[in-house]
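J.: The structure that follows is given in the form of structure tokens.
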Amino acid sequence: MEALKVDELVNVVLADMNTNISKHLNGDCIFVWSGIQSPLDDEFRVVIEHLVHHPVDKSCNRLIVLLETNGGHIEVVERMVSVMRKHYSEVYFIVAGHAYSAGTVLVLSGDKIFMDYYSVLGPIDPQYQDEDGHNLLPGSGYLAKFNELTKKINRSSSPAETKAELSYLIKRFDPAKLFHIEQAIEHGQSLITEWLPKYKFKDWQTTKGSNKAVTPKMRKYRAQEIAGLLAKADKWHSHGRGITMKQLQSDEIKLDIDDFGSNSNLSEDIRNYHGLAVDFARKMGMRGFIHTKQKNMRRVF
């Protein structure tokens with residue numbers, strides 16, 4: 001008999017942990033730990049289609065996505081949402097650690113969002129590749145520095161006073177990149193404005209306090225407010241600035257979040273699954289993975 005291997009044992013344990021969360025929330029569970037960039041969308045489609053067409057127990061109309069990401073590209077988010085909504089009528093998101101930038105937009109496409117006191121989302125901050133094409137950099141910093149330099153140049157009474165700024169602006173800033181970043185921010189806002197009323201706010205029938213009937217116009221306006229707040233880079237100061245569950249639930253943002261920390265059994269299962277999967281992936285040298293109870297960990301990067 002062939003000896004049991006460590007990676008096989010870990011995958012068995014991870015599958016059991018995934019199943020536990022599926023039972024808690026009554027749906028198919030998938031763990032995505034990755035930057036949101038190609039080929040994640042292609043890999044995601046393959047995994048989702050396998051879940052749907054080869055169910056372990058019975059077909060399910062609810063997808064539970066445990067997500068951890070530093071962000072990425074809005075276009076990839078849009079494709080992932082299209083895949084999920086093609087095959088599932090409900091989508092729940094669990095954020096055990098963080099989901100920044102495009103990850104925040106992805107989470108806001110869900111019918112329910114589960115976080116605890118430690119979980120954070122981030123501002124809408126589209127990313128772009130560095131000159132070597134290996135790393136993603138936050139677009140808000142690029143845009144903020146451009147605005148800072150142009151303001152200083154425009155306020156100057158003499159060209160000689162801003163000679164260094166003009167030189168840096170000419171050498172370092174690409175108008176096409178600036179346009180792409182600005183469009184990506186607007187794209188993210190438009191998707192949030194479309195998805196929140198359609199999914200997260202679909203059961204919002206009356207207002208709290210006054211108990212007035214909620215109209216489609218009110219749902220859209222509230223979504224626009226949330227999208228605008230999350231797109232304010234100067235408010236959150238940095239790409240990696242965490243926006244906590246408490247801040248999201250505050251009177252300013254007023255987003256309904258389910259606290260998985262209030263359920264000790266669910267919380268323990270989420271933390272154990274998240275912790276073991278991420279630790280195993282890092283030891284295996286992965287930079288991104290997708291995991292379900294049906295398949296071993298699928299490497300994305």
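J.: Once you've got the GNM for the chain with C-alpha springs shorter than 10 Å, pick whichever of D57, D41, D116 has the biggest mean-square fluctuation.
T.: D57
J.: Using helices alone, I'd like the mean residue ellipticity at 222 nm for the chain: each DSSP H run of four-plus residues gives -39500 (n - 2.57), total over residue count, nearest 500. If you can, show how the numbers build up before the last one.
T.: Numbers: 11 runs with 146 residues, N = 301.
Rounded to the nearest 500, the figure is -15500 deg cm²/dmol.
J.: Report, to one decimal in Å, the Kirkwood hydrodynamic radius for the range 64-117 based on all distinct Cα pairs.
T.: In the range 64-117 this quantity evaluates to 11.1 Å.
J.: While we're looking at this one, here's another question. By accessible area of protein heavy atoms, probe 1.4 Å, what ranking do C60, C29 get, highest first?
T.: Largest accessible area first, the list is C60, C29.
J.: Counting only protein chains, not ligands or nucleic acids, how are K235, K208, K254, K200 ordered by accessible area (probe 1.4 Å), most first? Don't jump to the answer; show the numbers that get you there.
T.: Values: K235 70, K208 195, K254 120, K200 25 Å².
Highest to lowest solvent-accessible surface, that is K208, K254, K235, K200.
J.: On to the next question. Any idea what the relative contact order of the chain is, in percent, if you count C-alpha pairs under 8 Å spaced at least 6 apart?
T.: Rounded, it is 24 percent for the chain.
J.: Another question, if that's okay. Where in the range 1-74 are there trypsin sites (Lys or Arg not before Pro) that are in a DSSP coil and have at most 10 other Cβ atoms within 10 angstrom of their Cβ?
T.: Answer by residue number: K5, K58.
J.: So what's the convex hull volume per residue for the Cα atoms of the range 173-301, in Å³?
T.: It comes to 188 Å³ per residue, whole-number rounded.
J.: Please build a GNM for the chain, connecting alpha carbons under 10 Å apart, and tell me which residue among M17, M218, M115 fluctuates the most.
T.: M218
J.: Straight-line reach from K217: which lysines fall under 30 Å, measuring Cα to Cα and dropping same-chain residues less than 8 apart?
T.: List returned: K86, K112, K198, K200, K202, K208, K232, K235, K246, K254.
J.: In the chain, which longest range has no GluC sites (Glu not before Pro) that are both DSSP loop (not H, G, I, E or B) and surrounded by at most 14 other Cβ atoms within 10 Å?
T.: With GluC sites (Glu not before Pro) excluded where exposed in loops, the chain gives 3-130 as its longest stretch.
J.: Compute the separation of the alpha-carbon centres of the range 275-292 and the range 48-91 and state it in Å as a whole number.
T.: Answer, in whole Å: 19.
J.: Right, something else. What Kirkwood hydrodynamic radius, in Å, does the range 20-115 give when the mean of 1/r is taken over all pairs of distinct Cα atoms and then inverted? Could you put the intermediate results ahead of the total?
T.: Details: mean 1/r = 0.0757 Å⁻¹.
For the range 20-115, inverting the mean 1/r across all distinct Cα pairs yields 13.2 Å.
J.: May I pose another question? Counting only protein chains, not ligands or nucleic acids, how are L229, L63 ordered by accessible area (probe 1.4 Å), most first?
T.: I get L229, L63, largest accessible area first.
J.: Could you state how much accessible area V46 has, in square angstrom rounded to the nearest 10, with a 1.4 Å probe and all protein chains kept in place?
T.: Approximately 60 Å² for this residue.
J.: Of the DSSP beta bridges with both residues in the chain, give the percent that are antiparallel, rounding to the nearest 5.
T.: Of the beta bridges lying entirely in the chain, close to 35 percent run antiparallel.
J.: Let me check the size of the chain from its C-alpha atoms; what are the radius of gyration and Dmax in Å?
T.: Reported Rg and Dmax, both Å: 21.3, 83.
The values are calculated or read from the model by the stated rules, or taken from the named source; none is laboratory data. These numbers were taken from a predicted model, which means no experiment stands behind them. Here Cβ is always computed from backbone atoms with ideal geometry, including for glycine, and neighbour counts include all displayed protein chains. The protein model used for the area step is the full one, side chains on, heavy atoms only, and it has no ligands, DNA or RNA in it. Shrake-Rupley method; radii C 1.70, N 1.55, O 1.52, S 1.80 Å.
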